[in-house]
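Below is a structure I'd like to ask you about.
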Amino acid sequence: SSEKNATATLSNASAYGTVRNVQFAVWSEKNGQDDIKWYTASKSGSNWLSTFVISNHKNTGIYNVHTYVTLSDGKLAFVSGKTFTVTTPTATLSVGAQKSDGTAEVTLSGISTPSGVINVQIPVWSKSDQSNIYWYLAAKQSDGSYKAIIDLDKHGYAAGTYNVHAYVTDGNNFMSYVGAKTVAMTIPKAEVTISKAANEKNATATISNASVYG
């Protein structure tokens, strides 16, 4: 199942009498009923059913479905309460050690989410007030993993311990936190090397990691 929609079916509704219509109240359990929606069912033979789109709501996790029937006299009767679950994405986050050029590679692998992946975002920061936070949009790799490169240039060239978090936006457009790591980052040095020709008529100067200056 892609978990992009769900169908609620009420059978034996006639046990309540003559039914005028059937409604399903649907909401995700997280944050109360802030995403509750009412769906009007259609009659199909002796059953009443309605299909609802998960992305019309707000969260993964447990969903509640309450069923109500409106009888011929206009009275509303509660029938039952059911639940179902929309899978929260899981994944494995890893962060490589800092490279000589001042970057570090972040990998999110083994992503599991039935509805698919819209994007993977990696917020990274070192300051306690998150003033140097930067959100990286990870790139999908051929093996299905996602990668991002931490660059000190995006964080004001601050040295220290960096927090690395990962979020997956699934096919229902729900963003879920899937893990955190830390990585120690130092300011790499710019190196200058000079080589002279054998005849000493010229010399070549080379600077590497010049980007550490901005």
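Give me the three principal axis extents of region 141-214 from the C-alpha atoms, as integers in angstrom, largest value leading.
Computed over region 141-214, the largest-to-smallest principal extents equal 68, 31, 17 Å.
Find the centroid of the Cα atoms in region 3-60 and in region 127-185, then give the distance between the two in whole Å.
That distance is 38 Å.
May I ask you to evaluate 6.51 cos²θ - 1.76 cosθ + 1.60, the Karplus curve with θ = phi - 60°, for each residue of region 161-174 and list the ³J(HN,Hα) values in order in whole Hz, giving x for glycine and proline?
So the Karplus estimates, Gly and Pro as x, are 8, 9, 8, 10, 10, 10, 10, 10, 9, 7, x, 8, 6, 9 Hz.
Counting other Cβ atoms within 10 Å, which trypsin sites (Lys or Arg not before Pro) in region 1-93 have at most 12 and lie in a DSSP loop?
K75
Rounded to a whole number of µm²/s, how large is the Stokes-Einstein D of region 92-137 at 4 °C and 1.567 mPa s, given Rh as the Kirkwood radius over C-alpha pairs?
For the chosen part, D equals 102 µm²/s.
Can you tell me the accessible area per residue over the chain, all protein chains present, probe 1.4 angstrom, in square angstrom?
Value returned for the chain: 56 Å² of accessible area per residue.
Amide H to amide H, which residues 5 or more places from G61 or on other chains are under 5 Å from it, using H placed in the peptide plane?
So G61 has HN proximity to V86, T87, T88.
Quick one: compute a quarter of the convex hull surface over the Cα atoms of region 69-214 and quote it in nm². Intermediate results must be reported in sequence, preceding the final value.
Numbers: hull surface 60.7 nm².
For region 69-214, averaging the hull's shadow over all directions gives 15.2 nm².
For region 59-214, give the percent of accessible area contributed by carbon and sulfur heavy atoms, probe 1.4 Å, rounded to a whole number.
The C+S portion of the solvent-accessible surface of region 59-214 is 50 percent.
The values are calculated or read from the model by the stated rules, or taken from the named source; none is laboratory data. A quick note: this is a predicted structure, and the numbers were derived from the prediction, not measured. Here Cβ is always computed from backbone atoms with ideal geometry, including for glycine, and neighbour counts include all displayed protein chains. The accessibility values were calculated without ligands, DNA or RNA, using every heavy atom of the protein model including side chains. Shrake-Rupley method; radii C 1.70, N 1.55, O 1.52, S 1.80 Å.
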